[in-house]
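None of the figures in this text is laboratory data; all of them are computed from the coordinates on show. Remember, it's a predicted structure, so these values are computed and weren't measured experimentally. Counting neighbours? That spans all protein chains shown, and the Cβs are built from the backbone with ideal geometry, glycine included.
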Amino acid sequence: GDSVTQMEGPVTLSEEAFLTINCTYTATGYPSLFWYVQYPGEGLQLLLKATKADDKGSNKGFEATYRKETTSFHLEKGSVQVSDSAVYFCALSVGSNYQLIWGAGTKLIIKP
Amino acid sequence: NAGVTQTPKFQVLKTGQSMTLQCAQDMNHNSMYWYRQDPGMGLRLIYYSASEGTTDKGEVPNGYNVSRLNKREFSLRLESAAPSQTSVYFCASSLKGKETQYFGPGTRLLVL
């Protein structure tokens, strides 16, 4: 079945470091791919998305490219800030199914 | 524009008690969802409503019931709470299937 696998956390980085959070997926058909972010004590909010192969989603300095050949959608940011500390979720949506398939989430901790 | 609102924010129940979690959205979305979030398990879909008048089971529906009262409101009921239902519950909505989901702030439920 469809699934999403994320790198386990927590990921701890120093401020201004380069960030990569890996996400790979298995899906039938042509999924849309999403990254959501959850700040402490809040609900999830969409960070970025891509709907077809080779699309690049970007927002707030974060980027992710839809790689069909490697079934991946890795999240990257060139220089992280303390305010980026949060839990990041990768998800996919495919076919006529109304459900999103979620990864387990990756906790990111940025130290000043 | 409030987006997705949930009540209550926090609730403590004793085993066997019942309660209803309320969710409302003001974005004229067709689809609504209930998730639970447990540590290390990401988000799991309990029930969803693709459109007004329809509801369907998600991944973990046992012990829950839902009502799509109208286009705006989607409630989740626990008839006889169990400690295993201790979790954070999120409501979400989307314009239609496969589209971006918008989340409420969550309800923390503790069942003793």
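Overview of results
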{"read-out": "Average Cα contact separation per residue, chain A, under 8 Å, 6 or more apart, as relative contact order %", "value": "37"}
{"read-out": "For the protein assembly as shown, the spread of Cα positions along each principal axis, largest first, Å", "value": "48, 39, 35"}
{"read-out": "Counted charge near A:I21, where neighbours are those whose Cβ lies closer than 12 Å (Asp, Glu -1; Lys, Arg +1)", "value": "-2"}
{"read-out": "Rg and Dmax of segment A:1-95, Cα atoms only, in Å", "value": "13.1, 40"}
{"read-out": "At R0 = 25 Å, FRET efficiency that the Cβ-Cβ distance of A:T71 and A:F18 yields, to 0.05", "value": "0.65"}
{"read-out": "Kirkwood Rh in Å, taken over segment B:2-44 so that all alpha-carbon pairs contribute", "value": "12.8"}
{"read-out": "Cα Rg over Rh - chain B, Kirkwood", "value": "0.94"}
{"read-out": "Most mobile listed residue (B:V12, B:V88, B:V66) in chain B, GNM with C-alpha springs under 10 Å", "value": "B:V12"}
{"read-out": "For chain A, with +1 on Lys and Arg beta carbons and -1 on Asp and Glu, the positive-most of A:A17, A:I109, A:Q45 along the dipole", "value": "A:Q45"}
{"read-out": "Test item: B:101-108 mean partner chain Cβ contacts at 10 Å", "value": "4"}
{"read-out": "Order of B:L43, A:L46, A:L108 under a 10 Å beta carbon neighbour criterion, fewest first", "value": "A:L46, A:L108, B:L43"}
{"read-out": "Amide N of segment B:77-107 lying under 17 Å from the label point, which is placed 7 angstrom from the Cα of B:Q17 along Cα→Cβ", "value": "B:77-89, B:107"}
